Amino acid sequence: MKKSYKIEVDCANCANLMEEAARKTAGVQAATVNFMTQKMIVEFEEGQAPAGVMQNVVKACKKVEPDCEIYL
Amino acid sequence: MQELIVNILLVVVALLAAVLQGIGSKPDSGMTKKQKVMLWRILGATVLLLALQVLGAPAFAALGAAGRWVRLACYLVDYWIIGHDILRKAYKGIRNGQVFDENFLMAVATLGALALAIYENGDYLESIAVMLFYQVGEWFQSYAVGKSRRNISDLMDIRPDYANIERDGKLEKVDPDEVPIGSVIVVQPGEKVPIDGDVVEGSSTLNTAALTGESLPREVGTGDAIISGCINMTGVLKIRTTKEFGESTVSKILDLVENASSRKSKSEDFISRFARIYTPAVCYAALALAILPPLVLWFGLGQSPAWETWVYRALTFLVASCPCALVISIPLSFFAGIGGASKAGVLVKGSNYLETLSQTRIVVFDKTGTLTQGVFEVNGIHHSAMENAKLVEYAALAESASSHPISKNLQKAYGKEIDRSRVSDIQEISGNGVVAKVDGHTVAAGNDKLMKRLGIDYINCHSVGTIIHMAIDGRYAGHIVISDVVKPTSQAAIQALKNAGVRRTVMLTGDAKRVADQVASELGVDQVYSQLLPADKVAQVEKLLAGKHGKEKLAFVGDGINDAPVLGRADIGIAMGAMGSDAAIEAADVVLMDDDPLKISKAIKISRKCLGIVYQNIVVAIGVKLLCLVLIALGFANMWLAVFADVGVMILAVLNAIRALFVRNL
């Protein structure tokens, strides 16, 4: 399943870091952060509940870029 | 002297911050809350720094021994105001194992300079000012990028805000998402068509510029299908929706363009890989710069180690090294390029495809629907014994009862209402044609078999297509050629591609060799392969793919109908005439919104311009950076130059990136 979330991030490099962090989160199959449209597209592994996985994604992203915002 | 310049700069920064704060208080400024807070901090820190500068060291000296520490405290407060978030982020970065980022660089550089200043009870100004200017640069970067991001998005914004639904005789504005299939919506002049549908009432002219980039108006009337995203120009239209908003053309296009920059190009990958290696490398280089030369001087040459000089140079080195200009401008260039292309009616599904497009050297075309109209029309009348129009009129009337496509083509060429009362005794001879009485004359219209059957001498035609021989009252009256018509811009399109550096143009078709050869020689296509089944087309493209050299890419252009496998197999698939065809939008990497093959060369030129800008930015940003780093290491530049090099290059790169948006004159 694929879902798109609105995000707020200031620098392009931080967006890259967030993308990497999201990809490494358990339950995430693939993730793309689009800095230009301020969107994060997450593809979840089968049988994973997006809400739970996203909590961890937010945590991981906050770790690499404390200033970022992900609107669930 | 330097102090005067710095003071003037500080005044300028303070004024600028105040003015920007004023602009930011307007509701449509687009400044985020974060940016406004940062502006206040910049303003506060600048004013305090200026005050401390004007007071100067002597004022504190009057306080006696404590003066030195009071002065230090004042500067530290200022440093905290402007730099506390950087310190916090650097600390968090270290704790989370993300040591080497720009926050870390800035924190180390300014804290180092501060420590040197405390040690010497000297110039605190430099450390704080560097932090201040870095923050100013960051602020402009975030503002400029945010602003250009919004500008580009606005340009591409064809999203309709509402749909009008008539309830109890009154128009009501509703969210287009909430309109079910089969509802009747009203579109007034000047409004966007929000959802795909059929016109049930009214007629009007539509402006399709937002979709195709051409402002050629299109007439619609009752019964016509209409696609969302067009602007209604003249009359009120009532439309019965045939799709939900989410499935409508406008939503699909928006979705596609918005997600396009998520597919990253090789250049973008290169930059993110580069940034990952670059920052740690610079940190180690700075460390080496701080330690190695003094040690060499000390032990190797027996001179004084001059630790302060080398530590200072190392810190400056760190300030100058920030990779922001690169990291920001490359995706922005692609984003602007994709935005510019979509303004011209060319949808590119990703930055990577823009990159591939720019390397295209072989273009393979499908014939029908791509280079030709794909619609059969009366294309010639030969050996006519009467006026051409009269002959077509007889043919149309004779064939009027037939449901054969040919009869429709004839009726279209005739262009007037068919008066059935003029026709009688219609006799259809299957596989041959029709014999009928029109205005009292016996008219025979059909192929050569019909003529043979009726025993009439006919003249064979050299043209390609369907030939309708005509005989009136038993005498041969000429023949009408019905064939596929080459698009008016096809020839120019092939020429434009050659001018744009395309090495080879190839045409593939399922049609007969004679037809294919004629079209190819008319258009100037280099190679033709005819009588191909869809599977043969894939095989042929594979052969061509095997025959290309080096980095060159092969593009396949089709109309999206039944050539999806080939579109997928080519390096880049271009579908044309996507207005209303979902298949094309799905299958291709690049979608041309209208039928014009000239757009192919335009798309290639747009991609070249965009990639050119990307390379310029990469070269200039890395070049200037390296130059500064060398100058700093050799001691020819100080921290001021470092900050200006960083911010200046970034702003230049962002401005350059915006150029990719302007594609009209390509």
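The values are calculated or read from the model by the stated rules, or taken from the named source; none is laboratory data. Please read all numbers here as calculations on a predicted model, not as lab measurements. Using ideal geometry, Cβ is built from the backbone for each residue, glycine included, and neighbour counts are taken over all protein chains shown.
A single member of B:ALA539, B:ALA520, B:ALA546, B:ALA492 is free of Cβ contacts under 8 Å to residues at least 40 places away in the same chain and under 21 Å from B:VAL375 (Cα atoms), and it is B:ALA520. Tell me yes or no: at least one residue of segment B:540-557 is closer than 20 Å to B:ALA603 by Cβ, of a type in the set (Phe, Trp, Tyr) and touching a strand residue (DSSP E or B) at 6+ places or on another chain (Cβ under 7 Å). Yes, segment B:540-557 contains a residue that is closer than 20 Å to B:ALA603 by Cβ, of a type in the set (Phe, Trp, Tyr) and touching a strand residue (DSSP E or B) at 6+ places or on another chain (Cβ under 7 Å). In this structure, B:VAL319 does not qualify as part of a helix (DSSP H, G or I), surrounded by 19 or more Cβ atoms within 10 Å (Cβ to Cβ) and touching a Gly at 6+ places or on another chain (Cβ under 8 Å). Here B:ALA401 passes the criteria (1) touching a Gly at 6+ places or on another chain (Cβ under 8 Å); (2) in contact (Cβ under 8 Å) with a residue 24 or more places away in the chain except the one numbered (1). Looking at segment B:226-241, is at least one residue aliphatic (A, V, I, L, M), farther than 29 Å from A:GLU43 by Cα and without any contact (Cβ under 8 Å) to a residue 40 or more places away in the chain? Looking through segment B:226-241, at least one residue is aliphatic (A, V, I, L, M), farther than 29 Å from A:GLU43 by Cα and without any contact (Cβ under 8 Å) to a residue 40 or more places away in the chain. Of the numbered criteria (1) within 13 Å of chain A (Cβ to nearest Cβ); (2) part of a strand (DSSP E or B); (3) not charged (D, E, K, R), the one B:ILE239 fails is (1). Being under 21 Å from A:ASN13 (Cβ atoms), of a type in the set (Gly, Ala, Ser) and away from chain A (no Cβ under 14 Å) is a description that applies to B:ALA285.
Taking the condition under 11 Å from B:VAL363 (Cα atoms), acidic (Asp, Glu) and surrounded by fewer than 18 Cβ atoms within 10 Å (Cβ to Cβ), does B:ASP517 pass? The answer is no for B:ASP517.
Only one of the listed residues (B:SER272, B:SER304, B:SER333) is within 13 Å of chain A (Cβ to nearest Cβ) and surrounded by fewer than 24 Cβ atoms within 10 Å (Cβ to Cβ). That residue is B:SER272.
Only residues that are part of a strand (DSSP E or B) and over 27 Å from B:ARG664 (Cα atoms): list them for segment B:182-216, please. Give the derivation first.
Applying the first criterion (part of a strand (DSSP E or B)) to segment B:182-216 yields B:184-187, B:192, B:197-201, B:204-207.
Across segment B:182-216, the qualifying residues are B:VAL184, B:ILE185, B:VAL186, B:VAL187, B:GLY197, B:ASP198, B:VAL199, B:VAL200, B:GLU201, B:SER204.
Restricting to segment A:43-72, and then to whatever is assigned to a loop (DSSP other than H, G, I, E, B) and more than 14 Å from chain B (Cβ to nearest Cβ), can you tell me which residue is farthest from A:THR32 (Cα to Cα)? Ranking the candidates gives A:GLY47 first. Residue-level analysis places B:ASP161 among those that are more than 30 Å from B:ASN656 (Cα to Cα), more than 13 Å from every other protein chain (Cβ to nearest Cβ) and not in a helix (DSSP H, G or I).
Figure legend. Inter-residue proximity from segment B:37-64: first residues surrounded by 12 or more Cβ atoms within 10 Å (Cβ to Cβ), second residues part of a helix (DSSP H, G or I) and among the basic types (Lys, Arg), beta-carbon distance below 8 Å, spacing 6+ or different chains. Indicated pairs: B:LEU52/B:ARG71; B:ALA57/B:ARG71; B:PHE60/B:ARG68; B:PHE60/B:ARG71. What are the pairs with Cβ atoms under 8 angstrom where one residue, in segment B:448-473, is in contact (Cβ under 8 Å) with a residue 40 or more places away in the chain and of a type in the set (S, T, N, Q) and the other, located anywhere, is assigned to a strand (DSSP E or B) and crowded, with 18+ Cβ neighbours inside 10 Å? Sequence gap at least six, or different chains. Close Cβ pairs satisfying both conditions: B:SER463/B:ASN379; B:SER463/B:VAL481; B:SER463/B:SER483; B:THR466/B:PHE376; B:THR466/B:VAL481; B:THR466/B:ILE482; B:THR466/B:SER483.
Out of the residues in segment B:409-437 that are among the hydroxyl-bearing types (Ser, Thr, Tyr) and surrounded by fewer than 17 Cβ atoms within 10 Å (Cβ to Cβ), state the one that is nearest to the chain's Cα centre (by Cα). Lay out the reasoning, then the answer.
From segment B:409-437, those among the hydroxyl-bearing types (Ser, Thr, Tyr) are B:414, B:421, B:424, B:430; that's our starting set.
Going one step further and asking which of them are surrounded by fewer than 17 Cβ atoms within 10 Å (Cβ to Cβ), we end up with B:421, B:424, B:430.
On the way: B:SER421: 57, B:SER424: 59, B:SER430: 53 Å.
Applying the filter and picking the extreme gives B:SER430.
Every listed requirement among (1) crowded, with 24+ Cβ neighbours inside 10 Å; (2) away from every other protein chain (no Cβ under 14 Å); (3) assigned to a helix (DSSP H, G or I) is met by B:VAL392 save one, (1). When only residues in segment A:1-42 that are part of a loop (DSSP other than H, G, I, E, B) and crowded, with 18+ Cβ neighbours inside 10 Å count, which is farthest from the other protein chains (Cβ to nearest Cβ)? Step by step, filter segment A:1-42, then rank; the result is A:THR25. Being in contact (Cβ under 8 Å) with a residue 60 or more places away in the chain and among the β-branched types (Val, Ile, Thr) is true of B:VAL654.
Each row is one residue, and each column tells you yes or no for (1) within 25 Å of B:VAL47 (Cα to Cα); (2) in contact with a strand residue (DSSP E or B) (Cβ under 9 Å, 6 or more places away or on another chain); (3) in a helix (DSSP H, G or I); (4) modelled with pLDDT of 85 or more.
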{"site": "B:GLY67", "(1), (2), (3), (4)": "yes, no, yes, no"}
{"site": "B:ALA73", "(1), (2), (3), (4)": "yes, no, yes, yes"}
{"site": "B:ILE81", "(1), (2), (3), (4)": "yes, no, yes, yes"}
{"site": "B:ASP85", "(1), (2), (3), (4)": "yes, no, yes, yes"}
{"site": "B:ILE94", "(1), (2), (3), (4)": "no, no, yes, no"}
{"site": "B:VAL99", "(1), (2), (3), (4)": "no, no, no, no"}
{"site": "B:ASN103", "(1), (2), (3), (4)": "yes, no, yes, no"}
{"site": "B:VAL108", "(1), (2), (3), (4)": "yes, no, yes, no"}
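For segment B:164-181, the tally of residues that are in a loop (DSSP other than H, G, I, E, B) and either modelled with pLDDT under 80 or among the hydrophobic types (A, V, I, L, M, F, W, C) (or both) stands at 4.
Remark: pairs (first residue in segment B:621-641, exposed (fewer than 12 other Cβ atoms within 10 Å of the Cβ); second residue modelled with pLDDT of 85 or more; Cβ separation under 9 Å; 6+ apart in sequence or on different chains) = B:PHE636/B:VAL630. In the set (1) in the same structural domain as B:SER530 (by TED's automatic domain parsing); (2) more than 23 Å from B:PRO565 (Cβ to Cβ); (3) touching a Gly at 6+ places or on another chain (Cβ under 8 Å), the condition left unmet by B:ASP366 is number (2).
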